[in-house]
Amino acid sequence: MRIFLSDGTAIGTDRFVSGTCRTDCVPVPASLEFQTILHDSIDEQLREGCILRVGDDYLEMKIIKRVTMQSGIIRDDQQLTLAAVVAVLNGCENLIKPAARAVYLNESSIGAAMRANGNKLKVTEDVPLVNYFCAVGATPTYELARKCSEEACVIFCDKNSKIIVKRLSQIMNQEPVSSLAGVNVQWVENPTQLNHSIPNYQTVNSDGSTIEGSLSAGKQASFYPNIDARRARNLSTVLVVRGTIMRAYTPEWMAGNVVLIDQKKYVILTAAHRFDTGVLGGATASASKFWIAEVVTA
C-alpha cells in the first residue's frame, strides 16, 4: 500500500505500520485507515484537512480524523509517537457532516442531491429521483441511502475517483474483472436471515385510499408512507451478501465491480485491502477481502 503525502513523497515502509483501504457501495464510497510512526517531517501533512493519494491510480483521500499516541518502543534513544489517521474520498467529506442548510429537490437525480449537499466529485452515471429532502442538522448520507433504496440503486466510485450511481437491475451488465471457481468463496447460506432482512412494503398511494404493495407468507412487512407502487417494489430489491473471498493483495478490485464465479455474476459489495509492514515487531500481512452479493427481490 503506497500512501503519498501532499508534497508528493510517500510514507516509507520504515514508518508505515498498518492500514486498510476500503471501498463500498455507499454514499461515501471509499475510506482509508492507517497507523504510522510520526516524525516532524510528515507531521504537518498528516493533519485534519490534508490530502493523501493512495495506490497506483492515486485515489485522493482527505483526512477527517487524527489521533496521536505514545508507543512503548524506544528507537535511537527516542520514544516513538504513532499517528492513527482516518480519511475519506476527497470531495465527499461534507456528506458525513450535519447539513448546515435544508435541501429540497423535485424531479432531480441522486447525483444532483449529492452535489446539493456538498459533494464535489464528478458523477459519470446517474439515476433520476422523484424528490429529495435533507433537513437542517440531518446527515446527508442517511437521506441519500434512503433514496437509493427507493430507486433500487447503489453509489460507488471508480479508480479515477468519479462517482457512479447505478440501478441494481443494470449493475450485473458490467464485464467481470475476473473469473473464479466456487471453491475460492466462503459461502453464506442463511435463508432465515434473508426472510428477516428483506421485508415487503406497503404504502398508501397519492389518492389517499389505494394501498399499494403485497404481503407474502413467512416474510416481514413494513409500512413506508408517501411513495408509489414502483418505489414500494424497489424497496424490496436489494444486494444480499452471498459469500466472502480472501485473496492476495488485489487493490485494483473495487466495490461495484463484477466477478464471475462458476459462470454466475456477483457484484463486489465491499472491498477491503489490508497491509501490515511489521515495522514495530508484529507480523506482516498483505491481503484483500471481498464481500460478494447478488440482486434479490423479495
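The values are calculated or read from the model by the stated rules, or taken from the named source; none is laboratory data. Bear in mind the structure is a predicted one, so any value in this text is a computation, not a measurement. All Cβ positions, glycine included, derive from the backbone under ideal geometry; neighbour counts span all protein chains shown. These area figures cover heavy atoms from the full protein model, side chains too; ligands, DNA and RNA do not enter into them. Shrake-Rupley method; radii C 1.70, N 1.55, O 1.52, S 1.80 Å.
Select from the stretch 121-138 the residues that are assigned to a loop (DSSP other than H, G, I, E, B) and more than 15 Å from Ile155 (Cβ to Cβ) and write down the one among them that is most open to solvent (accessible area, probe 1.4 Å).
Here the residue is Val136.
Give just the number: which of (1) touching a residue at least 24 places away in the same chain (Cβ under 8 Å); (2) surrounded by fewer than 17 Cβ atoms within 10 Å (Cβ to Cβ) does Leu46 not satisfy?
(2) is the only condition that Leu46 fails.
Within the bounds of the stretch 29-36, is there any residue that is among the hydrophobic types (A, V, I, L, M, F, W, C), assigned to a helix (DSSP H, G or I) and touching a residue at least 24 places away in the same chain (Cβ under 8 Å)?
No, the stretch 29-36 has no match at all.
Within the stretch 10-37, take every residue that is touching a strand residue (DSSP E or B) at 6+ places or on another chain (Cβ under 6 Å) and of a type in the set (Gly, Ala, Ser) and give me the one that is modelled with the lowest pLDDT.
That would be Ala10.
Filter the stretch 59-110 down to the residues that are closer than 18 Å to Ala138 by Cβ and among the basic types (Lys, Arg), then identify the one that is least open to solvent (accessible area, probe 1.4 Å).
My answer is Lys97.
Please go through the stretch 142-160 and pick out each residue that is of a type in the set (Asp, Glu) and over 29 Å from Arg53 (Cβ atoms).
Glu143, Glu150, Glu151, listed by residue number.
Residue-wise test of (1) of a type in the set (Ser, Thr, Tyr); (2) not in a loop (DSSP other than H, G, I, E, B).
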| position | (1), (2) |
| --- | --- |
| Met1 | no, no |
| Ser6 | yes, no |
| Gly12 | no, no |
| Val26 | no, no |
| Lys62 | no, yes |
| Thr81 | yes, yes |
| Gly91 | no, no |
| Ala99 | no, no |
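Mind listing whichever residues of the stretch 11-33 are open to solvent by 50 Å² or more (accessible area, probe 1.4 Å) and within 29 Å of Lys97 (Cα to Cα)?
Arg22, Val26, Glu33
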